[in-house]
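K.L.:
Mind having a look at this structure? Questions to follow.
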Amino acid sequence: MQRLSRPRSTWTTFSGGVERAGLFGTARSGSSSLSRTLFAATCPPSRALTVAGRLAPMRTSSSGVAPLFTSARPGIAARVFPRLATATNGAALRPATLLRRANSTVTHQATQPGVMPKVAAATWHDVPTSMKVWIAGCTATVFGMVVVGGLTRLTESGLSMVDWGVLQMKPPITQEEWEAEFDKYKQFPEYKKLNSKMTVEEFKSIYYYEWAHRNLGRFLGAAYTLPLLYFTARGHVRGPLRTRLYAIAAGIGFQGLLGWYMVKSGLVEKDHPRVSQYRLAAHLGSAFVLYTAMLWTTFDFVLTPLTTTAKLTTSAAASAAAASAPTVLKLQAKMRKYAHGVAGLVFLTAISGAFVAGLDAGLIYTDFPYMGGQLVPNEILDMDPKWRNFTENDVTVQFQHRVLGITTFSSIVAMWLWSRKVPLPPRSRLAMNALLGMASLQVTLGIATLYTLVMTHVAATHQAGSLTLLSIATWLMHELKRLPK
């Protein structure tokens, strides 16, 4: 590049030789345009494509460049086009071959009006390793926050911290500090109506769950935002990636505000002090959406793209279908849509579980598949208006969670059976198998939660299982999205 830009260079000598040899023919191509074209042809392919992109608006005439190649002596052409002038075995190429190679690299793309060349643009997979570690770590932190949040709800610890400070990081340490914090708690309905006999030591046990949950949120806010600003300043965050990453940052802030809005609903006077199941479901739902967006971005960063020659796995029954490319593409497109529907069912089932937790509905009926000896209990439509039963009637809420869980599991089994007839790459097949395995485990955990009377650790594992199931469904969608369309 430097050699071509010096005033008295080999290019200048060659340009004069070309003029003396009459190689420009009758065409009139500007020297600067021609030099850029020749430079693009001599530099490495990746650089040549970049130059080709800059040449796209030019109206370079192939008739103006062709005489140069067709008339140039092989010796001169070899000096100007060292990367194009030799074949694979080192033999010199004929000028006509040089023309074809140069046109295929630069000139042909530059002469297509309104068509940009196919530049090998950097993908999100090409971000620095530090960015990959950063987004993966933040995603794992959100997963941990959901698990701790589930424990906080199951241990009824969410109302132990009755004020909200953005920078309130340090827990009480001395006995006086604990007494002061406990006195604040005593002023609210949960202590007066449910925990009036609680001691300071018992208060500590519930306080730490809520403290850990809130400070994980503060840690996430700092751990995500500060590196994001750094990577932006270094120029690694541009275009659509900038929009997505800053939308996630806004989502983290919104999630913190929504969490406090939820807690406030449990600090007001009511017959049974607890947070609103509506706000709890909104808080959990937004956490799942935030986590899914971060996990998808992590997959974009970390997973290597599928190649067009990726080996497809298929059963013997699908061999005939695999022989027809249009049939395979159509089946894979249907599978892609079905996977999105399954992921939606997983999300909806998890939200219905939030209503179960918010109403303590898991303790209403603890047998399975029956509910008090009936498949459909009599109380499911006791409330008026009827729509309230689906969000406020604890019997109906547990019943619909069971129905949604069975529907989701059945859909996953059906998709897995169908996938045996659809050619898929190994990684997509692995995700499909993992989804079926996790769905089976999740159903088992749900039934175990009932039979153990919502034992804390079993129920918390069941909630973590729902997020794990959504994670695998997201992985499957990401893999299927990369298949040819």
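The values are calculated or read from the model by the stated rules, or taken from the named source; none is laboratory data. All values reported here derive from a predicted model rather than from experimental measurement. Ideal geometry is used to build each Cβ from the backbone, glycine not excepted, and the neighbour counts take in all protein chains shown.
K.L.:
So which helices (runs of 4 or more DSSP H) stay within segment 155-240 end to end and still have 2 or more residues that are among the hydroxyl-bearing types (Ser, Thr, Tyr), surrounded by 15 or more Cβ atoms within 10 Å (Cβ to Cβ) and in contact (Cβ under 8 Å) with a residue 12 or more places away in the chain?
P.N.:
Values: elements: 175-186, 189-193, 200-233.
Passing ranges, in order: 200-233.
K.L.:
Okay, next question. Taking segment 458-485, which residues are over 17 Å from the mean Cα position of the chain (by Cα) and within 27 Å of THR327 (Cβ to Cβ)?
P.N.:
Within segment 458-485, PRO484, LYS485 meet the criteria.
K.L.:
Report whether or not VAL413 is in contact with a Pro (Cβ under 6 Å, 6 or more places away or on another chain), on the phi < 0 side of the Ramachandran plot and modelled with pLDDT of 95 or more. Steps first, please.
P.N.:
Details: in contact with a Pro (Cβ under 6 Å, 6 or more places away or on another chain): no; on the phi < 0 side of the Ramachandran plot: yes; modelled with pLDDT of 95 or more: yes.
The answer is no for VAL413.
K.L.:
On the basis of being more than 27 Å from LEU154 (Cα to Cα) and of a type in the set (Val, Ile, Thr), does VAL395 make the cut?
P.N.:
Here the answer is no, as VAL395 does not meet what is asked.
K.L.:
With respect to GLY149, determine if the residue is under 25 Å from LEU257 (Cα atoms) and in a loop (DSSP other than H, G, I, E, B). Spell out how you get there, then give the answer.
P.N.:
Values: under 25 Å from LEU257 (Cα atoms): yes; in a loop (DSSP other than H, G, I, E, B): no.
It is false that GLY149 is under 25 Å from LEU257 (Cα atoms) and in a loop (DSSP other than H, G, I, E, B).
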